[in-house]
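Data block below; observations after.
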Amino acid sequence: MYYSIYESPISPMIIVGDEIGITNIYLNKVFKESFNKYIRNDKFFEKVINQLDDYFHGKLYKFDLKLNPIGTDFQKKVWNKLVEIPYGQVCSYKDIANSIGNIKACRAVGMANSKNPIPIIIPCHRVIGSNGRLTGYAGGLDVKEKLLNLEGIVTKGNKILK
């Protein structure tokens, strides 16, 4: 397993993965795993870093990377739906629950969203409350707001402005 550190405009990011795909991106967090378990390999993540650079400079709207997030079948189902949310658009937890065929799973969708191991690339920041409010984000609501603003979504006071 390899890792690289990317200095993004929002926070340092630690990218972890192998030949199968990216397993984790840590934002604003201490690397949870022991560094001596992994090998630093910046060259291995060159494509990932180039795409992240393009995203942060408004030149990339959809990532094309191999992903290997570790989670339950339900979590993976939710994360696969998150990847379908277009750049510059948001949806609610209820919308995601409906799209996976279980309208009553809003809270479970929220929990799966909070466990997303590959933020930004799996765009959990694009999920908001049904009332238009920005709700929890592992990187912090300020980071969520910055990402939405970057994508042209106007916010004020942790709420989406229409």
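The values are calculated or read from the model by the stated rules, or taken from the named source; none is laboratory data. Values in this document were obtained by computation on a predicted structure and should not be read as measured data. Virtual Cβ from ideal backbone geometry, glycine too; neighbours counted across all protein chains shown. Calculation scope for accessible area: heavy atoms of the full protein, side chains included, ligands and nucleic acids excluded. Shrake-Rupley method; radii C 1.70, N 1.55, O 1.52, S 1.80 Å.
Annotations
- Among the candidates 96, 85, residue that is of a type in the set (A, V, I, L, M), more than 18 Å from residue 22 (Cα to Cα), open to solvent by 10 Å² or more (accessible area, probe 1.4 Å) and in contact with a helix residue (DSSP H, G or I) (Cβ under 9 Å, 6 or more places away or on another chain): 85
- Looking across 120, 128, one residue alone is on the phi > 0 side of the Ramachandran plot and touching a strand residue (DSSP E or B) at 6+ places or on another chain (Cβ under 9 Å). It is 120.
- Looking only at segment 1-23, and only at residues there that are in contact with a helix residue (DSSP H, G or I) (Cβ under 8 Å, 6 or more places away or on another chain), open to solvent by 20 Å² or more (accessible area, probe 1.4 Å) and among the aliphatic types (A, V, I, L, M), the one that is farthest from residue 114 (Cα to Cα): 1
- Checking the stated criteria, residue 29 turns out to be at pLDDT below 95 and out of contact with any Asp or Glu (no Cβ under 6 Å at 6 or more places or on another chain).
- Between 26, 55, the distinction of being buried (at least 18 other Cβ atoms within 10 Å of the Cβ) and touching a residue at least 40 places away in the same chain (Cβ under 8 Å) belongs to 55 only.
- Apart from one condition, residue 154 fits all of (1) buried (at least 17 other Cβ atoms within 10 Å of the Cβ); (2) without any contact (Cβ under 8 Å) to a residue 40 or more places away in the chain; (3) among the β-branched types (Val, Ile, Thr); the exception is (1).
- Screening segment 32-51 for residues that are under 19 Å from the mean Cα position of the chain (by Cα) and at pLDDT 95 or above and picking the one that is most open to solvent (accessible area, probe 1.4 Å) gives 47.
- Condition met for residue 160 (of a type in the set (Val, Ile, Thr) and open to solvent by less than 70 Å² (accessible area, probe 1.4 Å)): yes
- Residue among 140, 157, 152 that alone is at pLDDT below 90 and closer than 26 Å to residue 64 by Cα: 140
- Within segment 117-151, the set of residues being farther than 17 Å from residue 25 by Cβ, open to solvent by 10 Å² or more (accessible area, probe 1.4 Å) and part of a helix (DSSP H, G or I) comprises 141, 142, 145, 149.
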